[in-house]
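Asks: Take this structure, written in structure tokens, and hold onto it; I'll ask about it next.
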Amino acid sequence: MKALVYHGAGLRSWEEKPDPEIQDSTDAIVRIDSATICGTDLHILKGDVPEVQPGTVLGHEAVGTVVETGEAVTTLEPGDRVLVSCITSCGRCPFCKEGRYGLCTGGGGWIFGHLIDGLQAEYARVPFADTSVYKVPEELTDEQVLFLADILPTAYEVGVLNGGVCPGDTIAIVGAGPIGLATVLTAKLYTPGRIIAIDIADSRLEKARELGADVTINSGDDDPLERVMELTAGLGVDVAVEAVGVPETFELCADLIRPGGRVANVGVHGHPATLHLEKLWIRDVTITTGLVDTVSTPRLLKLIAEGRLDATPFATHRFPLEETMAAYDTFAAAAETEALKVVLEAAPVTEERPEMEVALAGSG
Ligand SMILES: [Zn+2]
Ligand SMILES: [Zn+2]
């Protein structure tokens, strides 16, 4: 098969790899139909995630079709269309039993394109298949569910739920990249009073307004702290969501928050940030961090199936799977290309018609 392989900092190639095989009885092999690239993949390529070994296939977000199952897999069979999520659940460890799959100690957690071969490939081995993949309702397209593999549950669980967004709340979302925009989308499920999106790119702020932000602030042109204080009568916001991952934006969130408010950090940080406890200690502020558990994926899938949630506006660019290298170039140059999520589409499979052959043989 062909796959996108990491070869150390700055190096990637689309190359031939052996087809994955069942290794454990709980595995499934999935043919990848649609996949996407994540900001985390770019971090890996910068060398920021040293656990990723050269030779690893990247990618942790895909929709595919089961082609083979290990003998212990009981809820899936070849032909099933499934969402393969960024988080794997062993289903048996204490964390998985609490629904905290991101913290799985039984061999799951974030493993695709990190600790094992990932999903930007023609085929992938999916461990703990019964407890880790989600069957996709027939009426939904790949693109409708693909972003449930990471950005939607991440924004919803680590931003909206950790931030305790309530009806009427004023929310500041710092960073209007895919995660910040997915936070806008999923915060709206709670009917907030006002959503304020802050970013330095006008194109992303425009997208934030399209998805439901009420006020946008370009922090390159305006002082976001001053503007937010004006908008909230000097009090600050109820919930601030950090969706960038640099010290300045985290510190901004701590400044934007009202007494008794909540800062939900979603950003992936590579450097220490300053926590101004000397200002915060008396303000009853709650700060949360987290990796997604994907425990909300079935709920979000239901909302998509019922037409209450539409993540398709995130798909700004589409490439055939074999052009994954070009897709990376487009995604990495998001400032120029205005890419949010690039969709990698495998060519449709048409030659496999085993049932038809059996039927013809029978009738003959
Ligand atoms: Zn991701
Ligand atoms: Zn587990």
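The values are calculated or read from the model by the stated rules, or taken from the named source; none is laboratory data. Note that this is a predicted model, so its numbers are computed, not measured. Positions of Cβ are backbone-derived with ideal geometry, glycine not excepted, and every protein chain shown enters the neighbour counts. Surface accessibility is based on the protein's heavy atoms, side chains included, excluding ligands, DNA and RNA. Shrake-Rupley method; radii C 1.70, N 1.55, O 1.52, S 1.80 Å.
Asks: Considering only DSSP states other than H, G, I, E and B, which GluC sites (Glu not before Pro) in segment 273-343 qualify as loop sites with at most 16 other Cβ atoms within 10 Å? The partial results should precede the final answer.
Replies: Working: sites: 278, 306, 322, 323, 336, 338; in loops: 306, 338.
Sites meeting the loop and neighbour criteria: 306, 338.
Asks: OK, next. Any aspartates and glutamates with Cα under 17 Å of the residue 207 Cα? List them, leaving off those in the same chain fewer than 8 positions away.
Replies: Once the sequence-local aspartates and glutamates are set aside, what remains near residue 207 is 199, 310, 336, 338.
Asks: Same structure again: GNM, the chain, Cα, under 10 Å: largest mean-square fluctuation among 132, 219, 85?
Replies: 219
Asks: If you take the square roots of the eigenvalues of the alpha-carbon gyration tensor of the chain and sort them as a ≥ b ≥ c, do you get rounded (a/c under 1.5), prolate (a/b over b/c) or oblate? Working shown, then result.
Replies: On the way: a/c = 1.90, a/b = 1.85, b/c = 1.03.
Prolate, because a/c is 1.5 or more and a/b exceeds b/c.
Asks: Leaving out same-chain residues fewer than 8 places away, which lysines sit with a Cα under 28 Å from that of residue 2?
Replies: 17, 46, 135, 341
Asks: Could I ask something else about it? Tally the DSSP beta bridges in the chain and give the antiparallel ones as a percent, rounded to 5.
Replies: Within the chain, antiparallel bridges account for around 50 percent of the total.
Asks: Could you work out what % of the accessible surface of segment 79-227 is carbon and sulfur, using a 1.4 angstrom probe and leaving DNA, RNA and ligands out of the count?
Replies: 48
Asks: What's the local net charge at residue 208, with K and R +1, D and E -1, over the other residues with C-beta under 11 Å away?
Replies: Surrounding charge for residue 208 is -2.
Asks: Still on this structure: Tell me the per residue accessible area of the chain using a 1.4 Å probe; a whole number in Å² is fine.
Replies: On a per-residue basis, the chain sits at 45 Å².
Asks: Can you bin segment 173-298 into rounded, prolate or oblate? Criterion: square roots of the alpha carbon gyration tensor eigenvalues sorted a ≥ b ≥ c, rounded for a/c under 1.5, prolate for a/b above b/c, oblate for the rest.
Replies: On the way: a/c = 1.35, a/b = 1.12, b/c = 1.21.
It comes out rounded by the Cα gyration axes.
Asks: Please identify every one of the trypsin sites (Lys or Arg not before Pro) in segment 1-109 that sits in a loop by DSSP and has no more than 16 other beta carbons within 10 Å of its own beta carbon.
Replies: Listed in order of number, the matching sites are 46, 92.
Asks: Under the classification rounded if a/c is under 1.5, otherwise prolate if a/b is larger than b/c and oblate if not, where does segment 1-127 fall, given a ≥ b ≥ c as square roots of the Cα gyration tensor eigenvalues?
Replies: Taking the square roots of the gyration eigenvalues as a ≥ b ≥ c, segment 1-127 is oblate.
Asks: Over the chain, with a Gaussian network built from C-alpha contacts below 10 Å, which listed residue (14, 281, 110) shows the highest mean-square fluctuation?
Replies: Evaluated over the chain, the most mobile residue of the options is 281.
Asks: Sort 237-245, 307-315 by packing, meaning the average of other beta carbons within 10 Å per residue, with the highest value first.
Replies: Numbers: 237-245: 27.6, 307-315: 16.0.
Listed from highest to lowest mean packing, they are 237-245, 307-315.
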